[in-house]
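Q: Here you go, one structure.
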Amino acid sequence: PHRRHLQPLYRRDLRDFRNRDGGRERDGWLAQHLYRRAGFGATREQIQRSVAQGCQATLDELFSQQGCSEFDEQMKPMERVLTASQEPMQLASWWLLRMVQTPCQLLEKATLFWHGHFATGADKVQNSRAMLAQNRLIRTHALGRFRPLVHGISRDVAMLVYLDSTDNRKTRPNENYARELMELFCLGPGNYTEKDIKQIARCFTGWAVRHGEFRFNSYQHDGGTKRFLGRSGKFSGEDAVNIVLDQSAAPYFIAKKLVRFFVVDDVDMDNEFCDPIADHLRRSDFDIAQAIRLIVGSRYFYSDDVIGHKVRSPVEMSVGLLRYLEASFNMTTLAQRLRLLGHLPLFPPNVKGWEGGRRWINASTYFGRANLVREIVSSGNSAFRGGELAAIVDRKHRRDPEIWVDQLIGDLLAVPLPDESRQQLIELAGNRRQNFQRQITDVISAIGAMPEFHLG
């Protein structure tokens with residue numbers, strides 16, 4: 001059955017993003033779903049273009065990374081200022097700005113995914129230069145191959161500082177990185193022993209941080225024979241990484257993490273979908289881009305079992321809204337709000353990263369999320385393409401609340417809105433005592449307070 005799930009959408013009867021469901025036209029819903037999951041969201045123009053060109057061409061565009069190099073060059077002056085300031089919160093604001101403005105949504109979304117996977121906290125590292133270097137490393141390999149990414153992370157200064165592995169001596173092997181390498185990064189619990197941890201820790205002896213740079217001290221490296229994961233030899237740290245990645249559990253572990261991030265919060269509900277993804281990773285030496293393309297190009301990805309079945313993270317929710325509105329907002333303010341909501345990039349709660357899923361929502365964060373939506377659309381800190389928020393609705397439709405309310409419902413929600421809730425929005429939109437700018441502000445704020453808005 002999982003092979004059927006993996007059949008490409010564009011090779012079967014659903015040839016493009018035009019689809020009818022129960023007699024109701026849903027042009028663009030599947031494209032919106034793709035942009036929400038493989039990116040942060042899309043403008044109306046992007047959705048219309050995707051509907052016109054179809055699924056395969058849209059995927060080609062998402063994976064092409066066209067414009068990424070030029071965008072990186074534009075961001076470099078800001079990076080230099082931020083690393084000089086040594087203010088980690090400002091670095092988080094910079095990354096949020098990248099997410100809002102990037103022409104390469106999939107690359108930035110994959111970078112966010114791997115940041116949660118290799119979670120490293122700027123509050124402990126206290127070194128903006130090291131955190132920025134790690135961010136660049138992850139972005140470089142985010143859509144490449146997993147093996148070079150793990151090797152890079154293993155030598156990454158921010159990671160070594162975060163895991164207290166800056167001075168790993170043969171007389172006192174530090175087990176922190178060896179443990180996380182297997183438990184959190186590559187294999188998962190149950191696929192290694194405590195003895196494996198101790199032996200792998202010996203492989204990393206001599207690895208240190210000196211003057212803010214990675215250094216290998218050969219005098220402190222344990223050159224003796226190590227025995228772990230069924231192998232024996234005088235292994236180095238690089239050898240240890242490769243041996244860990246060669247374990248049969250590694251491809252499935254990464255496949256499950258990818259499916260959980262891009263498809264469903266509860267992977268156990270359909271574990272069979274992970275099997276062909278893991279098989280691809282095994283055969284391709286962890287080709288991440290192609291694995292993601294298999295996922296987001298599959299029929300299962302666009303099924304009713306998936307659309308609207310993930311809770312949007314605070315970053316996805318806020319960045320997605322800003323991208324849809326083509327709005328600018330004070331990124332320092334956004335970073336502060338996201339910290340209160342429990343999802344500030346570069347500040348994970350612990351080495352395990354963010355648990356996500358339903359844990360994004362509780363009594364406190366639900367109201368905080370709704371308030372953030374209202375602040376984005378009503379704050380004097382916001383600026384919109386066309387000069388005002390109202391510009392997202394064509395002038396010829398402004399006198400018909402049903403038309404423009406349905407437009408916003410279709411654009412902002414991944415799931416249908418109950419008729420009663422839709423009617424309440426139409427009544428709110430029909431308040432003639434307010435100007436249109438206030439009407440649309442109130443309607444988007446009301447949508448942001450609805451449970452359906454927080455599903456993606």
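The values are calculated or read from the model by the stated rules, or taken from the named source; none is laboratory data. Being a predicted model, the structure only gives us computed values, none of them experimental. Cβ coordinates were reconstructed from backbone atoms using ideal geometry, including for glycine residues, and neighbour counts include every protein chain displayed. All accessible areas refer to the heavy atoms of the entire protein, side chains included, with ligands and DNA or RNA removed. Shrake-Rupley method; radii C 1.70, N 1.55, O 1.52, S 1.80 Å.
Q: Roughly how far apart, in whole Å, are the Cα centres of region 95-117 and region 195-273?
A: 25 Å
Q: Of 248, 313, which has the most accessible area with a 1.4 Å probe, and how do the rest follow in descending order?
A: I get 248, 313, largest accessible area first.
Q: Structure shown: which of 109/257; 234/256; 76/352 lie over 24 Å apart, alpha-carbon to alpha-carbon?
A: 234/256; 76/352
Q: Same structure again: Sum up the charges of everything whose Cβ sits under 15 Å from the Cβ of residue 172, counting Lys and Arg as +1 and Asp and Glu as -1, but leave residue 172 out.
A: Local charge sum for residue 172: 0.
Q: So if each residue of separation counts as 0.36 nm, and I subtract the Cα-Cα distance between residue 427 and residue 164, what length gain in nm does that give?
A: 88.9 nm
Q: Projecting each Cα onto the charge dipole of the chain (Lys/Arg +1, Asp/Glu -1 at the beta carbon, about the Cα centre), which of 254, 391, 120 comes out farthest on the positive side?
A: Of the listed residues, the answer is 120.
Q: Note down the magnitude of the dipole of region 74-214 about its Cα centre, charges +1 on Lys and Arg C-beta and -1 on Asp and Glu C-beta and zero elsewhere, to the nearest 20 debye.
A: That gives a dipole near 400 debye.
Q: Next question, about the same structure. Keeping all protein chains in place and using 1.4 angstrom, which order do 273, 216 fall into by accessible surface area, from largest down?
A: Per-residue accessible area, sorted high to low, gives 216, 273.
Q: Can I ask one more? Could you give the dipole magnitude of the chain about its Cα centre, charging the beta-carbon of Lys and Arg +1 and that of Asp and Glu -1, in debye to the nearest 20?
A: 720 debye
Q: Normalised by the residues of region 24-167, what does the relative contact order come to in percent, with Cα pairs under 8 Å and at least six apart?
A: So the answer I get is 21 percent.
Q: Go through the chain and flag any cysteine with no other cysteine's C-beta closer than 4.7 Å, please.
A: 55, 186, 203, 274, each lacking another Cys Cβ under 4.7 Å.
Q: Could you give the distance between the Cα centres of region 312-390 and region 392-433, to the whole Å?
A: Rounded to whole Å, the Cα centres lie 23 Å apart.
Q: Straight-line reach from residue 124: which aspartates and glutamates have a Cα under 15 Å away, not including same-chain ones fewer than 8 places off?
A: Those aspartates and glutamates meeting the cut-off are 87, 156, 164.
Q: For the pair residue 420 and residue 234, how long in nm is the line joining their label points, each one 7 Å along Cα→Cβ?
A: It is 7.5 nm.
Q: Another question, then. Check which residues have an amide H placed less than 5 Å from residue 215's amide H, if you skip close sequence neighbours.
A: The list, which skips near neighbours in sequence, is 208, 209, 210.
Q: When we measure straight from the Cα of residue 310, which aspartates and glutamates land under 18 angstrom away, once same-chain ones fewer than 8 places off are left out?
A: Excluding near neighbours in sequence, the set is 265, 266, 268, 270, 355, 411, 452.
Q: Tell me, what is the percent relative contact order of region 260-336, built from C-alpha pairs under 8 Å that lie six or more residues apart?
A: Rounded, it is 29 percent for region 260-336.
Q: Taking square-rooted eigenvalues a ≥ b ≥ c of the alpha carbon gyration tensor, is region 112-199 rounded, prolate or oblate, where a/c under 1.5 means rounded and, failing that, a/b exceeding b/c means prolate?
A: Oblate, because a/c is 1.5 or more while a/b does not exceed b/c.
Q: Give me the extension gain from residue 218 to residue 85: residue separation times 0.36 nm, minus the current Cα-Cα distance, reported in nm with one decimal.
A: Roughly 44.4 nm would be gained on extension.
Q: Also: Decide, for region 21-140, between rounded, prolate and oblate: order the square roots of the alpha carbon gyration tensor eigenvalues as a ≥ b ≥ c, take rounded if a/c falls under 1.5, and otherwise choose prolate if a/b is larger than b/c, else oblate.
A: prolate
Q: Given a cut-off of under 8 Å on Cα pairs at least six residues apart, what relative contact order in percent is computed for region 374-451?
A: 39 percent
Q: Then there's this: So if R0 is 25 Å, what FRET efficiency would residue 65 and residue 136 give, r being the distance between their Cβ atoms, rounded to the nearest 0.05?
A: After rounding to 0.05, the efficiency reads 0.95.
Q: While we're looking at this one, here's another question. Please give the contour-minus-distance gain from residue 57 to residue 407: 0.36 nm per residue of separation, less the Cα-Cα distance, rounded to one decimal in nm.
A: Additional length available on full extension: 123.5 nm.
Q: Just grab the label-to-label distance for residue 336 and residue 74, each label 7 Å out from Cα along the Cβ direction, in nm (one decimal).
A: 2.7 nm
Q: Taking R0 as 25 Å, what FRET efficiency do you get between residue 366 and residue 437 from their Cβ-Cβ distance, rounded to the nearest 0.05?
A: Using R0 = 25 Å, I get an efficiency of 0.40.
Q: Along each of the three principal axes of the Cα atoms of the chain, give the extent in whole Å, ordering the values from largest to smallest.
A: 80, 53, 41
Q: Moving on to the next point. Using the Karplus curve 6.51 cos²θ - 1.76 cosθ + 1.60 with θ = phi - 60°, work out ³J(HN,Hα) for each residue of region 449-454 in order, rounded to whole Hz, and write x for Gly and Pro.
A: Karplus-based 3J(HN,Hα) across region 449-454 equals 8, 8, x, 4, 5, 8 Hz.
Q: Given a Förster radius of 41 Å and the C-beta distance between residue 272 and residue 455 as r, what FRET efficiency does 1/(1 + (r/R0)^6) yield to the nearest 0.05?
A: 0.95
Q: Roughly what would the spin-label model give for residue 399 and residue 171, points 7 Å off Cα along C-beta, in nm?
A: 8.7 nm
Q: Can you check what the net charge comes to around residue 163, using other residues whose Cβ is under 11 Å from the Cβ of residue 163 (Lys, Arg +1; Asp, Glu -1)?
A: For residues surrounding residue 163, the net value is -2.
Q: Set Lys and Arg Cβ to +1 and Asp and Glu Cβ to -1, take the dipole of region 307-456 about its Cα centre, and tell me which of 356, 441, 412 lies farthest positive.
A: Ranked along the dipole, the leading option is 356.
Q: By per-residue mean of other Cβ atoms within 10 Å, what is the highest-first order of 301-308, 364-371, 443-450?
A: Going by the mean number of other Cβ atoms within 10 Å, highest first, we get 443-450, 301-308, 364-371.
Q: On to the next question. Would you please give the residues with an amide H less than 5 Å from that of residue 174, counting only those at least 5 places away or on a separate chain, with H modeled from the backbone geometry?
A: Distant-sequence amide H within range of residue 174: 169.
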